[in-house]
Structures are given as structure tokens and as C-alpha cells.
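Here's the structure we're looking at; comments come further down.
The values are calculated or read from the model by the stated rules, or taken from the named source; none is laboratory data. What you are looking at is a predicted structure, and each value in this text was computed from that prediction instead of being measured. Positions of Cβ are generated from backbone atoms using ideal geometry, with glycine treated the same way; all protein chains shown enter the neighbour counts.
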Amino acid sequence: MPTAIRHSFFRRLRMAAAAGLAGFLVAAAPASAETALRPLMPSPTRWSVDGDFAKAADDEQPRNRARMNLSGAACAPPPLATARCLIVNDEKKYAQLFRIDGRTLRPGAVIRLTGQDQRGDPDAEGAAFADGYFWVIGSHGRTRHGDEAGDSRFVVLRVAADRRGRPMVPPSTEEPAGVAASTRLGDAIREATGLGDFYGKPLAANGVNIEGVAVAGGRMHLGFRGPSVAGDGFVLSVDADAVFTARKPLHPTVTRLALGTATGIRDLAAVRGGILVLTGPVNDQPVAPALYLWKPRTGALRPLGPLAPPSGLPEGAKAETVLVLRDRPGEPLRVLILYDGAENGAPTEYRVAR
């Protein structure tokens, strides 16, 4: 370990021990110090999308098309060949089902998330599948430049599905059929230590902005792109069922993860033994994307390595989604990374030793 990294590590360790802060987690070294994780296949064209993710109307500006702004995805448990998955974007009022067929993503039915008369879109930033539901999280934050976001962003959505991920209510493109919504998280964020001071601030001012969600063990874990404070990113964890049960306590807890300066969480995914954390810059800082393994029960945070981008990735595209393809005991993880700002997410496979 280089001297500077070693000194930084022990300085953080002494600070955490002296403060006695439960949940103040320290990585053994920044992910940038680890060996880079390289694409299993260097070019994203080795994975393909059968058509385009909806909707790609000819009159839309390319940067506003859903397929250029994919921000989260989740699948029902394997085998993937028989499972349905859900993908969300941060520009539209709908999500979309898809299947994984070999190395091809096959888009399916569109699911309307909010009513047509709802002001703004939910700014859907993450998706998870657990306990018979697809879960979708809105950003709960203001836009990059601080204009009013509207109530639509301050929402958690839930779609009941069978064990293969098929919605229990037939999807509709006209109304949010079978989609339950909750606005309970706003107060929990506002009152959370370390997060409340940044609630309602624009992202450009280090404001609160959720980008990842994972549900495991009855807890919903929310990963924040911002704020980043003293090199720490934030996870807010709550009782998952309570989010949709008005009188049930949320029991919120806040965890600070030592991710590095100006580094936030871009996505979360539940795996055996913990939560995968995909990181990246809070805004446009020169921060390489990386993967970590966080274990909520023990507080351990382990860097798995920075992500080397695939060849041909558009300038400005950022790693935004981690989708678990295979999670078997004693084997490396197989994950698919999708890049915001790239056509259909430029799906790229990585194998990750844990």
C-alpha cells in the first residue's frame, strides 16, 4: 500500500475509533488503488439490445430519449432466462420490462409509473427486486441547477410481481396500473444526521440525491450520489415494509462510507453476504467508477476495484447501473454495468472476485 494511502487509512481509523461512531466505515484502501476491473468483452457490442428501450420518438432530442438516460435495473431471481427484469430512466414517467436472452436484452412492456396529470417525472434513479416486488426510487432531490423539482421526485414506487418478475396487474401505458406509491421517505431524510443539512439543496451544491436502492433482509438501503462529506458517501436504511405502511415505524439508520473525495453512490445491488456499491463522481469531477462490497450487518466495506470502461464508450458517459447476472457461492460475481449517456446503456459484462 503506498505511503499516502496507508497514512490516510490509519488517520481515518483513528478518527472513527475516537469518535465512536456506529456505522462510520473505512475501506482498507481507495478503490483506485486496486487492480482495475476490465470488461469481460472489450466492446459493448458483444452485448446487444433487441431494438431500443422505449420510447425513441423521432421528434425527441437524442439526449432526452429514454434509451440515453437509463438509470437503474433489477431482475427477479435467476435463472435469468426465465426471469423478467425492470429498467428505469430519469427522464420519463414510465419504466420498462425486459428479458435477458443469452447476451441480448429484449425490451418488453412499458409500465406507466405516474399519472399523466402528475407534474414532472419521478426522476427514477434505481430499481430493485425483493419480496415479490419491483421497487423504484425517485431521486428525492432538486435538479442539478436548482430549479424546483415538484412532488413527483419525492416518491418510492412498488410493483407487485410473481417469482419470475411478471407484474400481478397487467402493465398499462396510460395509467399507473398496479403501481403503489409512497412519500414517507422525505421526512426521514430531512431528519437524518449528516443528510438533513443537505436536503432540498441542488446537486451542484452537494445536495441530497438518491441514485441507488437495494432491498434485502427486510431493509431498504438507499444510496446517495450526494452529498459527499469529508470523503464519505451516505446510505440511509429503513424498514422496507414500513415505507408502504403508514403507521409502522421506518427505523431509519444512516451509514457513512469512506468512498473518497467528491465520490457518491451511483447504484446498489443486493448479493450474497452484502450489498454491491457502484460509485462515481458527485457531479463531473474526475472520479473513476468503482465497485465495493458493503456488509450492513458487520459494517465492513471492501473495495473490489475501479471499472475500466469498454472501448467505444461515448465521451461523458458514466457507469450508472449494476445488474447482477450470477451470484453463486465461491464464484466470482457476474455483473452487467450500464452507462448513462450511451445508447441503450452500452451493456458491459464484468466478472468480480469478492
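Could you pull out every one of the strands (runs of 3 or more DSSP E) wholly within the stretch 84-192 that has 1 or more residues that are acidic (Asp, Glu), crowded, with 21+ Cβ neighbours inside 10 Å and in contact (Cβ under 8 Å) with a residue 40 or more places away in the chain? Walk me through how you get there before you give the answer.
Numbers: elements: 85-89, 94-101, 104-112, 124-130, 133-138, 156-160, 179-182.
Passing ranges, in order: 124-130.
Being within 15 Å of the chain's Cα centre (by Cα) and either buried (at least 22 other Cβ atoms within 10 Å of the Cβ) or part of a loop (DSSP other than H, G, I, E, B) (or both): is that true of VAL213 here? Before you say what the answer is, go through the steps one by one.
Working: within 15 Å of the chain's Cα centre (by Cα): yes; either buried (at least 22 other Cβ atoms within 10 Å of the Cβ) or part of a loop (DSSP other than H, G, I, E, B) (or both): yes.
Criteria met by VAL213.
Which pairs do you get when a residue that is touching a residue at least 60 places away in the same chain (Cβ under 8 Å) and among the basic types (Lys, Arg), found in the stretch 202-222, comes within reach of a residue that is assigned to a loop (DSSP other than H, G, I, E, B) and surrounded by 18 or more Cβ atoms within 10 Å (Cβ to Cβ), reach meaning Cβ atoms under 8 angstrom, with the pair 6+ apart or on two chains?
ARG219/ALA240; ARG219/PRO296
Just give me the residues in the stretch 136-179 being modelled with pLDDT of 90 or more and on the phi > 0 side of the Ramachandran plot, in sequence order.
GLY165, GLY178
Counting only residues that are more than 18 Å from VAL215 (Cα to Cα) and of a type in the set (Gly, Ala, Ser), which one in the stretch 283-299 is surrounded by the most Cβ atoms within 10 Å (Cβ to Cβ)?
ALA290
Restricting attention to the stretch 308-322, does a residue exist that is crowded, with 24+ Cβ neighbours inside 10 Å, among the aliphatic types (A, V, I, L, M) and assigned to a loop (DSSP other than H, G, I, E, B)?
no
Please work out if VAL243 is outside any strand (DSSP E or B) and β-branched (Val, Ile, Thr). Step through it out loud before you land on a result.
Numbers: outside any strand (DSSP E or B): yes; β-branched (Val, Ile, Thr): yes.
Considered against the rule, which asks whether it is outside any strand (DSSP E or B) and β-branched (Val, Ile, Thr), VAL243 comes out as yes.
Does the stretch 264-282 contain at least one residue that is surrounded by fewer than 19 Cβ atoms within 10 Å (Cβ to Cβ), part of a strand (DSSP E or B) and in contact with a Leu (Cβ under 6 Å, 6 or more places away or on another chain)?
Within the stretch 264-282 (the criterion being surrounded by fewer than 19 Cβ atoms within 10 Å (Cβ to Cβ), part of a strand (DSSP E or B) and in contact with a Leu (Cβ under 6 Å, 6 or more places away or on another chain)), the answer is no, since none of the residues qualifies.
Residue by residue through the stretch 283-305, note down the ones that are in a strand (DSSP E or B), in contact (Cβ under 8 Å) with a residue 60 or more places away in the chain and of a type outside the set (A, V, I, L, M). Before the answer, list the steps.
Going residue by residue through the stretch 283-305, those that are in a strand (DSSP E or B) are 290-295, 300-305.
Add one more test, that the residue is in contact (Cβ under 8 Å) with a residue 60 or more places away in the chain, and what stays is 290-294, 300-305.
If the condition is that a residue be in a strand (DSSP E or B), in contact (Cβ under 8 Å) with a residue 60 or more places away in the chain and of a type outside the set (A, V, I, L, M), then TYR292, TRP294, ARG302, PRO303, GLY305 are the ones that fit.
So which residues in the stretch 324-336 are more than 10 Å from THR348 (Cα to Cα) and not charged (D, E, K, R)? It would help to see each step written out before you state the result.
The first filter runs over the stretch 324-336 and keeps only residues more than 10 Å from THR348 (Cα to Cα), leaving 324-334.
Passing the criteria: VAL324, LEU325, PRO329, GLY330, PRO332, LEU333.
Report every pair of residues separated by at least 6 positions or lying on different chains whose Cβ atoms are under 6 Å apart, first residue within the stretch 337-354 and within 12 Å of THR321 (Cα to Cα), second among the small types (Gly, Ala, Ser) and surrounded by 22 or more Cβ atoms within 10 Å (Cβ to Cβ).
ILE337/ALA319; LEU338/GLY345; TYR339/ALA319; TYR339/GLY345; TYR339/ALA346
Take the stretch 323-354 and flag every residue that is in contact with a Pro (Cβ under 6 Å, 6 or more places away or on another chain), among the charged types (D, E, K, R) and either crowded, with 22+ Cβ neighbours inside 10 Å or assigned to a loop (DSSP other than H, G, I, E, B) (or both).
none
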